[in-house]
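Let me begin by presenting the structure, written as structure tokens, before commenting on it.
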Amino acid sequence: MNKTVTAIAAGFVASLCLPLEAPAQTPPAYRLICQAFGASTREALADRQGHAVTTGGTSCRVEGGPMNGGVTTIAGVSEADGDVSTVLVTHAITRKPGSMVLTVGEAGKSTLVKNAEGKVTGTKGEGRGRYVIAVGDGAPLAGRKYTYTVTTTAGQPVYTVEVKPE
């Protein structure tokens, strides 16, 4: 084989090893600044002390990420067992002009935070979910999963959720 054919063959083989397009970058983390709305309810279950179901809704402003400036509406149901709550069902819709993202929570837990006297001072929680629909500016989130952390302070109506797309 002559040198030209060898060089062409080597170049062809090398091109097979190159990706056809660059891998999609993970969208940046973002923050939700949230406030509960409507009647959040906690309904005690009769089987044991501290066992309850909690329902509620939240509205949030998006800071950062592809949906920066959007508004998120969250609805969910959690099961409380003493100081620990487990997310049973949650979904959120984020909207901004020309864009929409729908998420579904897959798992989450939160724990009451107490001071030395045993008084509740807030909650800390974390969880994960997935982006079910993502169009417009939210399109980079389509098909991805996410994790989140949340911290609340007792008596404060506004709290922050840190979200990291994967």
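Okay, here's what the table says:
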| quantity | calculated |
| --- | --- |
| Among the residues listed as Lys124, Lys109, Lys119, Lys114, the single one being free of Cβ contacts under 8 Å to residues at least 60 places away in the same chain and within 14 Å of the chain's Cα centre (by Cα) | Lys109 |
| Subset of region 47-59 that is of a type in the set (Val, Ile, Thr) and either within 20 Å of Gly70 (Cα to Cα) or in contact (Cβ under 8 Å) with a residue 24 or more places away in the chain (or both) - its residue that is surrounded by the most Cβ atoms within 10 Å (Cβ to Cβ) | Thr58 |
| Residues satisfying the stated conditions in region 36-51, i.e. on the phi < 0 side of the Ramachandran plot and either in a loop (DSSP other than H, G, I, E, B) or at pLDDT 95 or above (or both) | Leu45, Ala46, Asp47, Arg48, Gln49, His51 |
| Test set (1) assigned to a strand (DSSP E or B); (2) surrounded by fewer than 16 Cβ atoms within 10 Å (Cβ to Cβ); (3) small (Gly, Ala, Ser) - Gly69 fails condition number | (1) |
| Residue among Val87, Val104, Val77, Val71 that is under 12 Å from the mean Cα position of the chain (by Cα) and in contact (Cβ under 8 Å) with a residue 24 or more places away in the chain | Val104 |
| Residue check, Ala44 small (Gly, Ala, Ser), farther than 16 Å from Tyr159 by Cα and without any contact (Cβ under 8 Å) to a residue 12 or more places away in the chain | yes |
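The values are calculated or read from the model by the stated rules, or taken from the named source; none is laboratory data. The model shown is predicted, which means the values in this text are computed figures rather than measured ones. Neighbour counts run over all protein chains shown; Cβ positions are idealised from the backbone, glycine included.
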